[in-house]
Amino acid sequence: MKNKNIVVCVTGGIAAYKVVTLVSMLKKQEAEVTVIMTENATKFVAPLTFQSISSNLVYNNIFDDRYSADIKHISLAQNADLVVIAPASANIIGKIANGIADDMISTTVMATKAPVIIVPAMNTAMYENPIVQQNISKLKEFNYNFMTPGVGQMAMRSEKGGIGRLPEPDEIFDYIRNFQF
């Protein structure tokens, strides 16, 4: 992964904290990692955490001109060797499946020609919802790559646990490492 440009997109969900470890693992393999966060993701993990681990600015606002003179979502999309969305919420999956580009992650994904790996993480009922499943199927038809969510205890302790759990960082790392890009 040395010198590969990997854009890691983090959406809102309690599992966002696990992605800090993933970014660290990618950096240890000398990948160049840039993190994009949704506004909701910043409620779970501070952008400064990802900035410190990645040694790069963290992006979350397409209209913030502090970054540089270039159009950042376009330059990130063009320079990416791989885009990874983890955790991928039902919201971001729905946006991408329906061509909605209204935030930093969705606009970057729409603009990239790099392969995209989507790692869903959400409540079991949400993951199994027919609309979410239809959106996943639609994206697979367009050659988006999906990692199967884990099965187990979720953040809501009242639930028995089921599919929808974000895989552990080492599992996501192995998936990326074995992915041809």
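Filter segment 123-165 down to the residues that are aliphatic (A, V, I, L, M), open to solvent by less than 70 Å² (accessible area, probe 1.4 Å), modelled with pLDDT under 95 and in a loop (DSSP other than H, G, I, E, B) and list them by number.
Correct list: Met154, Ala155.
Just to be sure before I move on: is Lys27 surrounded by fewer than 21 Cβ atoms within 10 Å (Cβ to Cβ), outside any loop (DSSP other than H, G, I, E, B) and more than 14 Å from the chain's Cα centre (by Cα) in the structure I sent?
It is true that Lys27 is surrounded by fewer than 21 Cβ atoms within 10 Å (Cβ to Cβ), outside any loop (DSSP other than H, G, I, E, B) and more than 14 Å from the chain's Cα centre (by Cα).
Yes or no: Thr42 within 19 Å of Asp103 (Cα to Cα) and surrounded by fewer than 20 Cβ atoms within 10 Å (Cβ to Cβ)?
yes
Which one of these is farther than 24 Å from Tyr17 by Cα and of a type in the set (Val, Ile, Thr): Thr107, Thr112?
After ruling out the rest, the residue left standing is Thr112.
Given the conditions (1) over 23 Å from Asn145 (Cβ atoms); (2) outside any helix (DSSP H, G or I); (3) open to solvent by 70 Å² or more (accessible area, probe 1.4 Å), which single one is not true for Asn61?
(3)
Quick one: in segment 93-111, which of the residues that are among the polar types (S, T, N, Q) and open to solvent by less than 20 Å² (accessible area, probe 1.4 Å) is farthest from the chain's Cα centre (by Cα)?
My answer is Thr107.
When you check Ile93 against the structure, is it closer than 21 Å to Phe181 by Cβ and assigned to a helix (DSSP H, G or I), yes or no?
The answer is yes for Ile93.
Name, by its number, the condition in (1) farther than 19 Å from Val35 by Cβ; (2) in a loop (DSSP other than H, G, I, E, B); (3) open to solvent by less than 40 Å² (accessible area, probe 1.4 Å) that does not hold for Ala114.
Tallying (1) farther than 19 Å from Val35 by Cβ; (2) in a loop (DSSP other than H, G, I, E, B); (3) open to solvent by less than 40 Å² (accessible area, probe 1.4 Å), Ala114 fails exactly one: (1).
Considering only segment 83-102, I want to know if a residue exists there that is modelled with pLDDT under 90 and on the phi < 0 side of the Ramachandran plot.
No: zero hits.
The values are calculated or read from the model by the stated rules, or taken from the named source; none is laboratory data. Computed from a predicted structure; not experimentally measured. No Cβ is skipped: glycine too gets one built from the backbone with ideal geometry, and neighbour counts run over all protein chains shown. For accessibility, only protein heavy atoms count, side chains too; no ligands or nucleic acids. Shrake-Rupley method; radii C 1.70, N 1.55, O 1.52, S 1.80 Å.
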